[in-house]
Amino acid sequence: MPLPGGCAIGARPVDLHVRGLQAMGAEVQIEHGICNAYVPGGGRLKGAKIYLDTPSVGATETLMMAATLADGETIIENAAREPEVADLANFCNAMGAKIHGAGTSIITIVGVPQLHSVDYSIIPDRIETGTFLVAGAITRSEILLSPVVPDHLIPVIAKLREIGVPIIEEGPDCLRLLPAETLKATYIETLPHPGFPTDMQAPFMALLTLAEGDSIINESVFENRLRHASELNRLGADIRVKGNAAFVRGVPMLSGAPVLGTDLRASAALVLAGLAAEGLTTFQGLHHLDRGYDRLDLKLLQLGAKIKRVQEIPTPELTSNGSNPPVTIST
């Protein structure tokens with residue numbers, strides 16, 4: 001298979017995947033951007049003890065799935081603890097796997113001969129939930145969200161409340177966000193779960209452009225995930241970037257302008273900023289947005305946003321890859 005792609009937000013090495021599979025007996029060769037992995041002799045992988053240098057979600061999931069049908073016991077240490085890892089383990093267990101400890105830093109998997117089919121409901125997308133919470137906060141709107149898992153959003157909810165946004169847990173799977181009287185500056189540092197999620201950094205930066213005072217955002221997970229700052233500045237934000245830190249000085253208002261999404265979450269942040277900006281915002285980069293959100297523009301439209309996809313409008317400042325028409329957002 002080809003090496004993975006995705007957003008250009010920093011290095012995405014596959015060495016953790018490769019070393020883990022090699023520890024389980026696989027032969028792995030990477031040439032000309034293609035990864036070829038196999039078990040010599042066509043047998044099964046063997047259980048092994050694997051330590052991850054960093055708690056990578058992708059590597060944890062890859063090795064956990066590989067171990068479900070391996071011979072013997074596999075132990076993954078320093079495993080990622082994200083809810084998606086635990087949900088994947090629950091799904092595999094529902095198919096007959098024997099996985100214990102998912103959601104903690106040590107996962108133990110005992111290989112089984114085979115898996116069977118199953119009907120399974122996956123967990124709600126916590127990042128999409130967080131995006132809608134920020135959409136309500138940045139537009140000073142009331143939003144009711146369900147179904148959600150509040151326990152998966154603890155750092156996001158806590159930071160919104162710290163900024164001054166009231167959030168009420170109306171049920172075990174229901175959140176109500178109320179308009180904030182004043183948005184207050186704060187400090188954010190992204191960390192692996194259960195810390196503040198890096199995928200919510202860009203939407204929160206958009207929100208903090210309208211907060212009173214000076215905020216600091218330190219991106220410690222990916223080294224190239226602050227490129228949306230310059231696009232937010234097009235809308236009238238006051239953001240300075242130094243290394244992996246962004247210094248956000250709140251402004252009274254944002255103004256519509258043409259902007260370009262540079263990655264998935266940056267694209268969502270620019271859409272949110274456009275909802276709060278005065279006037280018309282034209283957004284390009286929908287191939288990023290559509291990769292991670294299911295019809296985000298239509299869902300926002302149902303909430304009362306003035307947003308629509310239009311035919312491509314060439315501008316002197318921005319160019320599209322031609323795969324999607326831009327979105328226009330008016331306030």
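The values are calculated or read from the model by the stated rules, or taken from the named source; none is laboratory data. Please read all numbers here as calculations on a predicted model, not as lab measurements. FYI the Cβ positions are ideal-geometry reconstructions off the backbone, even for glycines, and counts take in every protein chain you see.
Details
- Residues being outside any loop (DSSP other than H, G, I, E, B), under 25 Å from Ala80 (Cβ atoms) and in contact (Cβ under 8 Å) with a residue 60 or more places away in the chain - total across segment 201-252: 5
- Filter result for Ala137 (at pLDDT 95 or above, small (Gly, Ala, Ser) and closer than 30 Å to Arg19 by Cα): no
- Screening Pro147 with (1) farther than 30 Å from Arg19 by Cα; (2) touching a helix residue (DSSP H, G or I) at 6+ places or on another chain (Cβ under 6 Å) gives one miss only, at (2).
- Unmet criterion (only one of (1) modelled with pLDDT under 95; (2) under 25 Å from Val57 (Cβ atoms)) for Gln311: (2)
- Residue within segment 46-62 that is surrounded by 17 or more Cβ atoms within 10 Å (Cβ to Cβ), among the polar types (S, T, N, Q) and at pLDDT 95 or above present: yes
- When each of Ala89, Ala70 is tested for being small (Gly, Ala, Ser) and closer than 18 Å to Arg44 by Cβ, the lone residue that passes is Ala70.
- Every condition in (1) buried (at least 17 other Cβ atoms within 10 Å of the Cβ); (2) in a helix (DSSP H, G or I) holds for Ala79 except the one numbered (2).
- Of all residues making up segment 99-127, the number that are touching a residue at least 24 places away in the same chain (Cβ under 8 Å) and outside any loop (DSSP other than H, G, I, E, B): 10
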